[in-house]
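Here is the structure we will look at, set down as structure tokens.
The values are calculated or read from the model by the stated rules, or taken from the named source; none is laboratory data. The structure displayed is predicted, hence computed values, not measured ones. Neighbour counts run over all protein chains shown; Cβ positions are idealised from the backbone, glycine included. Just so you know, the surface numbers come from the protein's heavy atoms only, side chains and all, with ligands and any DNA or RNA stripped out. Shrake-Rupley method; radii C 1.70, N 1.55, O 1.52, S 1.80 Å.
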Amino acid sequence: MSGFYVLDVPEFSSLIDAAKKSGDCRIHPKRGHYQFVEFENEVEILRRDTRMSEAVWYGCLTGGLDGKIARFDSERLKLVATNEPILGVDDK
């Protein structure tokens with residue numbers, strides 16, 4: 001499994017909501033100032049679903065990524081799993 005880390009600030013909360021609605025993600029409990037969004041094969045999130053401004057949108061992966069970016073432009077974020085171990089996330 002792979003995933004990305006979302007900084008726990010109001011500007012990025014709609015990214016968590018969009019990931020939940022995608023149905024392809026498992027949202028882990030907050031740990032410190034981050035929340036881990038896990039996905040199995042790939043996930044695609046549209047900026048319009050997050051209602052983020054373009055400037056905030058381009059910062060949505062600043063928390064970190066365990067996976068590969070397949071596409072990241074002003075309208076779409078598509079991530080692909082690398083099937084490498086995820087660091088720092090319990091298998092609970």
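If I model a spin label at R51 and R31 as a point 7 Å from the Cα along the Cα→Cβ vector, what separation in nanometres do I get?
3.0
Take each of the peptides 59-65, 69-75, average the number of other beta-carbon atoms within 10 Å over its residues, and list them starting from the highest.
Sorting 59-65, 69-75 by mean packing, highest first, produces 59-65, 69-75.
Of the heavy-atom accessible surface of the chain (probe 1.4 angstrom), what whole percent is carbon and sulfur?
48
Got a sec to turn the phi values of segment 66-80 into Karplus ³J(HN,Hα) couplings, 6.51 cos²θ - 1.76 cosθ + 1.60 with θ = phi - 60°, whole Hz, x for Gly and Pro?
Calculated HN-Hα couplings, in order: 10, x, 10, 7, 8, 7, 8, 10, 5, 10, 8, 10, 10, 10, 10 Hz.
Output wanted: per-residue J couplings in Hz (rounded whole) for segment 30-46, from phi through Karplus 6.51 cos²θ - 1.76 cosθ + 1.60, θ = phi - 60°, x for Gly and Pro.
With the stated coefficients, segment 30-46 comes to 4, 10, x, 9, 9, 10, 9, 10, 9, 9, 8, 9, 7, 9, 10, 10, 8 Hz.
What angle do you read, to the nearest 10 degrees and between 0 and 90, between the alpha-carbon axis of helix 13-22 and the longest principal axis of the chain?
For 13-22 against the chain, the angle is about 70 degrees.
Which residues' amide hydrogens lie under 5 Å from the amide hydrogen of E42, considering only partners 5 or more residues apart or on another chain, with H built in the peptide plane?
A81
What residues qualify as long-range amide H neighbours of D8, i.e. H under 5 Å apart, gap of 5 or more or another chain, H built at 1.01 Å from N?
Long-range HN contacts for D8: Y34, Q35.
Rounded to the nearest whole Å², what accessible area per residue is found for segment 1-74 with the 1.4 Å probe?
That works out to 57 Å² for each residue.
Taking the dipole about the Cα centre of the chain, with the C-beta of Lys and Arg at +1 and of Asp and Glu at -1, give me whichever of P10, H28, L77 is farthest to the positive side.
In the chain, that residue is P10.
Taking K78 as the anchor, which aspartates and glutamates have their alpha carbon closer than 19 Å to its alpha carbon, excluding any fewer than eight residues away along the same chain?
In chain and number order, the partners are D17, D24, E38, E40, E42, E44, D49, E54, D66.
Work out, step by step, the length gained on full extension between K78 and N41: first 0.36 nm times the residue separation, then minus their alpha carbon distance; give nm to one decimal.
Taking 0.36 nm per residue and subtracting the Cα distance, the gain is 12.2 nm.
So which GluC sites (Glu not before Pro) in segment 1-63 end up in coil per DSSP with only 15 or fewer other C-beta atoms within 10 Å?
Those satisfying the criteria are E40.
Between V9 and K68, with labels modelled 7 Å along Cα→Cβ, what's the label distance in nm to one decimal, could you check?
Label-label distance for V9 and K68, simple model: 3.0 nm.
Which value, in nm² and rounded to one decimal, describes the direction-averaged projected area of the C-alpha convex hull of the chain?
5.3
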